[in-house]
1. How many of the residues making up segment 27-37 are under 18 Å from GLU95 (Cβ atoms) and surrounded by fewer than 20 Cβ atoms within 10 Å (Cβ to Cβ)?
2. Of all the residues that make up segment 34-59, how many are assigned to a helix (DSSP H, G or I) and either among the polar types (S, T, N, Q) or under 9 Å from the mean Cα position of the chain (by Cα) (or both)?
3. Only one of (1) over 23 Å from ALA97 (Cα atoms); (2) surrounded by 14 or more Cβ atoms within 10 Å (Cβ to Cβ); (3) of a type in the set (A, V, I, L, M, F, W, C) fails for ALA50. Which number is that?
4. Give me a count of the residues in segment 2-33 that are modelled with pLDDT under 90, closer than 20 Å to GLU76 by Cβ and either of a type in the set (Val, Ile, Thr) or within 9 Å of the chain's Cα centre (by Cα) (or both).
5. What number goes with the only condition from (1) modelled with pLDDT of 95 or more; (2) surrounded by 12 or more Cβ atoms within 10 Å (Cβ to Cβ) that HIS65 does not pass?
Amino acid sequence: MEYGETLKLDPNYATGYYNMAFTYQMAGNIQAAIDQYNEALRHFPDNDVAYRVRYWCARLLKQQHRISEARQKLEEAVRINNAEHLDPNDTASKELAKLPR
């Protein structure tokens, strides 16, 4: 996989982790996508990519009915967005409000 090779060469390439996870997601390999999103967060917990990573990871966790994990990711995304104003539409907050209690 192209992103895997890129990350071997430059493990500090935050967008590479996100893109690799998204590639897994589009291929239908949901658990691999979640794992890769979490790997991205391990390396880059609070950069500009972290908001999107948390949002997309939460959506996948919700699909798998892992609601408490999805809620945690969305709450973290909202925290980042409140501090950095990365998403003017506040998409993570809207998604968080849709989660069952």
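The values are calculated or read from the model by the stated rules, or taken from the named source; none is laboratory data. These numbers were taken from a predicted model, which means no experiment stands behind them. No Cβ is skipped: glycine too gets one built from the backbone with ideal geometry, and neighbour counts run over all protein chains shown.
1. Qualifying residue count for the region: 1.
2. Of the residues in segment 34-59, 17 are assigned to a helix (DSSP H, G or I) and either among the polar types (S, T, N, Q) or under 9 Å from the mean Cα position of the chain (by Cα) (or both).
3. Every listed condition holds for ALA50 apart from (1).
4. Total meeting the criteria: 2.
5. Just one mismatch for HIS65, condition (2).
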